[in-house]
Amino acid sequence: MVDELGRWAEPALLVLASLADGAKHGYAITLDITQHAGVTLGPGTLYAALGRLEERGLIEPLPADGRRRPYRLTSAGAAELSAQANRMQRLANLSLTRLRLDLA
């Protein structure tokens with residue numbers, strides 16, 4: 001499903017990964033992604049990704065806390081994140097194995 005997000009797949013996966021350990025509002029998601037992935041998402045990129053993920057049922061908004069609206073991962077979102085992480089892990093393992101063969 002994330003493949004359907006095209007060039008926005010990376011921000012979407014970063015948001016899903018951020019929400020995997022609990023609900024967060026937009027600014028907290030941005031800080032978490034910057035801290036753990038070293039990527040800074042601008043507000044436009046972040047909120048566009050949140051909108052696409054919500055449309056696809058991968059995240060859901062929670063009641064607003066003042067001006068902040070937290071989001072949480074849905075079970076479909078957790079399944080998609082798991083599938084994509086496994087796909088990326090397979091690619092990383094293949095790449096590292098082949099690099100070691102070339103370096104030998």
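The values are calculated or read from the model by the stated rules, or taken from the named source; none is laboratory data. This one's a predicted model, so the numbers in the text were calculated from it and none came from an experiment. For neighbour counting, all protein chains shown are included, and Cβ atoms are generated from backbone atoms with ideal geometry for every residue, glycine included. Note: accessible area is taken over every heavy atom of the protein model, side chains too, but ligands, DNA and RNA are not part of it. Shrake-Rupley method; radii C 1.70, N 1.55, O 1.52, S 1.80 Å.
Is at least one residue of segment 55-69 in a strand (DSSP E or B), in contact (Cβ under 8 Å) with a residue 12 or more places away in the chain, surrounded by 12 or more Cβ atoms within 10 Å (Cβ to Cβ) and of a type in the set (A, V, I, L, M)?
Checked segment 55-69: at least one residue is in a strand (DSSP E or B), in contact (Cβ under 8 Å) with a residue 12 or more places away in the chain, surrounded by 12 or more Cβ atoms within 10 Å (Cβ to Cβ) and of a type in the set (A, V, I, L, M).
Just to be sure, is residue 98 loosely packed, with under 10 Cβ neighbours inside 10 Å and either among the aliphatic types (A, V, I, L, M) or farther than 19 Å from residue 10 by Cα (or both)?
Against the criterion (loosely packed, with under 10 Cβ neighbours inside 10 Å and either among the aliphatic types (A, V, I, L, M) or farther than 19 Å from residue 10 by Cα (or both)), residue 98 does not qualify.
Specify which of the listed residues (83, 37, 78, 49) is open to solvent by 30 Å² or more (accessible area, probe 1.4 Å) and at pLDDT 95 or above.
Among 83, 37, 78, 49, only 78 is open to solvent by 30 Å² or more (accessible area, probe 1.4 Å) and at pLDDT 95 or above.
Report yes if residue 15 is of a type in the set (Val, Ile, Thr), loosely packed, with under 14 Cβ neighbours inside 10 Å and in contact with a helix residue (DSSP H, G or I) (Cβ under 6 Å, 6 or more places away or on another chain), otherwise no.
no
Does residue 27 meet the test of being free of Cβ contacts under 8 Å to residues at least 60 places away in the same chain, among the aromatic types (Phe, Trp, Tyr) and either in contact with a Ser or Thr (Cβ under 8 Å, 6 or more places away or on another chain) or open to solvent by less than 90 Å² (accessible area, probe 1.4 Å) (or both)?
no
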